[in-house]
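Participant: Below is one structure. I have some questions about it.
Derivation of every value follows stated rules applied to the coordinates shown; laboratory data play no part. Everything numeric here is computed off the predicted structure, so don't read it as measured data. Note that each Cβ is placed from the backbone with ideal geometry, even for glycine, and that neighbours are counted across all protein chains shown.
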Amino acid sequence: MSVAQTIAPPTAELLVARARAMIPHIAACAAEARQARRVSESVIAQIEEAGLFRILQPARWGGYEMKPETYYDVLIALAEGDMSVGWVYGVLGVHPWLMGLMDERAVRDVWGDDDSVRLCSSLMPVGKAEKVDGGFKLSGHWRFSSGCHYAQWALLGGAVQGGAAGAAPDIRLFMVPRAEYRIADAWRVSGLCATGSDDILVDDVFVPEYRTRRMIDNFQCVGAGLALNCSPLYQIPFGQVFFRGVSSPSIGALQAMFDAFVGYAAKRSGPAGKSADDPVAQQICAEVTAAIDEMKLVLRRNMAVLWEFGERGEVPPLALRQQYKFQSATVSHRCAELATRLMRATGAAGIYDEQPFGKALADINAARQHIANQFEMVGRNFGASILGGKPANDMML
């Protein structure tokens, strides 16, 4: 059974401090991790030992059940050492939250013997599920499963076949144990190289119905686990929690790039003289500093408001969820634009491998490609609602 907390969990301040203390080690491992195409085992072990994977985990299953701001603060700190680490933590660290919504039988399957077991995912509903007695037969090939090498279970998106004509598709997440899927070595990319986001393949595997979760239930903020996990944390809409996990790492990467630029510029003189006297460098420094502050403030404000809805047992209105999703999706775009301008301000010497700027820019641009970070698509949906039009159906809000 579960290993419930018998002592008080660490404070949020202590957990963030532990994450910040890891930054030098993470940075020292970054080049090797990039070559290996996965995060160092020693870094994953440090994150585990520090208790950081437990921040969103239900207390009844050994977790800390904290406000989501702590999770994002930790994620951003880890990304300052290496954005790939922040990204992998963001993915692996959010799944314990989802477990708080699942049927207790599914949670017991995962954590019954060891509440430190981790889950990876690939949420796009590319899998095909056939309804059978007691559950489903699932097959599919999923891409982009970040951190899959450090997980013992996978959460995989799929559509149930054979629904009634005209009915909305039955899109679900399916929980599959490591013994029943294969990992294909496919991650050769230009950015976020160390995330190890390889492919997952499943061939005609039985998944009990209790180990599935309908996406419509995520949208409507309902689930079997809510009867047992009563914290406001588990009342927050799925999309608001999950997709901040893949936008917020860009903030940490931009902060690290900016800090490196400040140190670099202090020693650099270009054709126009010292960087400190360069109006282009001055302007971008001011804008990056203000933007990072603004993005963090909006993140914390939004999470605080969502927590208050959870405390009242209310589902946030759709318009607010659209706004918050748009504010999340704009983060990677803003960071990519600012990082590009920082890169230009480094001059010709900034392109060398010995400098961190090109790698940081590539990582942020890779994050910008994630479907949750397509701010134009999300913005059109939000804008249609503002103008009284019909927004696209979005189960990920």
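Participant: Going by average Cβ density within 10 Å per residue, which order do the peptides 295-302, 73-80 take, highest to lowest?
Facilitator: With the highest mean Cβ count within 10 Å placed first, the list reads 73-80, 295-302.
Participant: With an 8 Å Cα cut-off and a minimum separation of 6 or more residues, compute the relative contact order for the chain in percent.
Facilitator: Value for the chain: 17 percent.
Participant: Still on this structure: What is the magnitude of the charge dipole of region 119-213 about its Cα centre, with +1 placed on the Cβ of each Lys and Arg, -1 on the Cβ of each Asp and Glu, and no other charges, expressed in debye to the nearest 20?
Facilitator: Dipole about the Cα centre, nearest 20: 180 debye.
Participant: In addition: Please report Rg over Rh for region 119-213, where both radii come from the alpha carbon positions and Rh follows the Kirkwood definition.
Facilitator: A ratio of 1.01.
Participant: Given the C-alpha centroids of region 160-216 and region 237-271, what is the distance between them in whole angstrom?
Facilitator: So the two Cα centres are separated by 31 Å.
Participant: Out of the DSSP beta bridges found with both residues in region 61-170, what percent are antiparallel (nearest 5)?
Facilitator: Around 40 percent of the beta bridges assigned by DSSP in region 61-170 are antiparallel ones.
Participant: Along the Cα→Cβ direction, 7 angstrom out, place labels at Asp204 and Lys390. What is the inter-label distance in nm?
Facilitator: 4.1
Participant: I need the phi-derived Karplus couplings for region 327-342: 6.51 cos²θ - 1.76 cosθ + 1.60, θ = phi - 60°, integer Hz, Gly and Pro marked x.
Facilitator: Using θ = phi - 60°, the values come out as 5, 5, 5, 6, 4, 5, 5, 4, 5, 5, 5, 5, 5, 4, 5, 4 Hz.
Participant: Now for a separate question. Need the C-alpha centroid separation for region 1-62 versus region 66-141, integer Å.
Facilitator: Distance between centres, Cα-based: 15 Å.
Participant: Here's a follow-up. Top mean-square fluctuation among Val85, Val207, Val246, Gaussian network model of the chain, C-alpha springs under 10 Å?
Facilitator: Looking only at Val85, Val207, Val246, the largest GNM fluctuation is found for Val207.
Participant: Over the alpha carbons of region 321-379, what is the largest minus smallest coordinate on each principal axis, giving the biggest first in Å?
Facilitator: Computed over region 321-379, the largest-to-smallest principal extents equal 43, 17, 13 Å.
Participant: In addition: Where does each of 26-33, 112-119, 326-333 land if you order them by average Cβ count within 10 Å, highest first? Write out the running numbers ahead of the final one.
Facilitator: Details: 26-33: 18.2, 112-119: 16.4, 326-333: 22.6.
The most tightly packed comes first, giving 326-333, 26-33, 112-119.
Participant: Have a look at the DSSP beta bridges in the chain and tell me what percent are antiparallel, nearest 5.
Facilitator: 80
Participant: For a protection proxy built on the mean count of beta-carbon atoms within 10 angstrom, sort 362-368, 376-382, 171-177 highest first, please.
Facilitator: Ranked from most to least packed, the peptides come out as 362-368, 171-177, 376-382.
Participant: For the chain, find the longest principal axis of its Cα atoms and tell me its angle to the long axis of helix 249-267, 0 to 90°, nearest 10.
Facilitator: On a 0 to 90 degree scale, this one is about 10.
Participant: Please turn the phi angles of region 99-106 into ³J(HN,Hα) values with the Karplus equation 6.51 cos²θ - 1.76 cosθ + 1.60 (θ = phi - 60°), one per residue in order, whole Hz, x for glycine and proline.
Facilitator: So the Karplus estimates, Gly and Pro as x, are 4, x, 9, 7, 4, 4, 5, 5 Hz.
Participant: I'd like to know which of His333, Ala362, Gln161 lies farthest towards the positive end of the charge dipole of the chain, counting +1 on Cβ of Lys and Arg and -1 on Cβ of Asp and Glu.
Facilitator: Checked the options; the winner is His333.
Participant: Counting other C-beta atoms within 10 Å, which of Tyr71, Tyr264 has the fewest, and how do the rest follow?
Facilitator: Sorted ascending by nearby Cβ count, the order is Tyr264, Tyr71.
Participant: Tell me, Tyr72, Tyr210, Tyr89 in order of fewest to most beta-carbon neighbours within 10 Å?
Facilitator: Final ranking by Cβ density, sparse to dense: Tyr210, Tyr72, Tyr89.
Participant: Is it possible to state the helix-based mean residue ellipticity at 222 nm for the chain, with each DSSP H run of 4+ residues giving -39500 (n - 2.57), the sum divided by total residues, to the nearest 500 deg cm²/dmol? What is it?
Facilitator: Values: 13 runs with 192 residues, N = 397.
Here the helix-only value at 222 nm equals -16000 deg cm²/dmol.
Participant: Now for a different question. I need to check one value: relative contact order of region 1-104, counting alpha carbon pairs closer than 8 Å and at least 6 residues apart, in percent.
Facilitator: 34
Participant: With 5 Å bins from zero, work out the P(r) of region 238-386 over every alpha carbon pair and list the percent per bin.
Facilitator: Pairs per bin, as whole percents: 2, 9, 18, 18, 16, 12, 9, 7, 5, 3, 1, 0, 0.
Participant: Collect residues whose amide H, placed 1.01 Å from N in the peptide plane, falls under 5 Å from the amide H of Asp278; neighbours closer than 5 in sequence don't count.
Facilitator: none
Participant: Each residue of region 181-192 in order: what ³J(HN,Hα) in whole Hz does its phi give by Karplus 6.51 cos²θ - 1.76 cosθ + 1.60, θ = phi - 60°, with x for Gly and Pro?
Facilitator: For region 181-192, the Karplus curve yields 9, 10, 9, 9, 6, 9, 8, 10, 9, 8, x, 6 Hz.
Participant: Reported to two decimal places, what Rg/Rh ratio describes the chain when computed on Cα atoms with Rh from the Kirkwood expression? Don't jump to the answer; show the numbers that get you there.
Facilitator: Details: Rg = 21.3 Å, Rh = 21.8 Å.
Reported Rg/Rh (Cα atoms, Kirkwood Rh): 0.98.
Participant: Using unit Cβ charges (K, R positive; D, E negative) and no other charged atoms, how large, in debye to the nearest 20, is the dipole of the chain about its Cα centre?
Facilitator: So the magnitude is around 680 debye.
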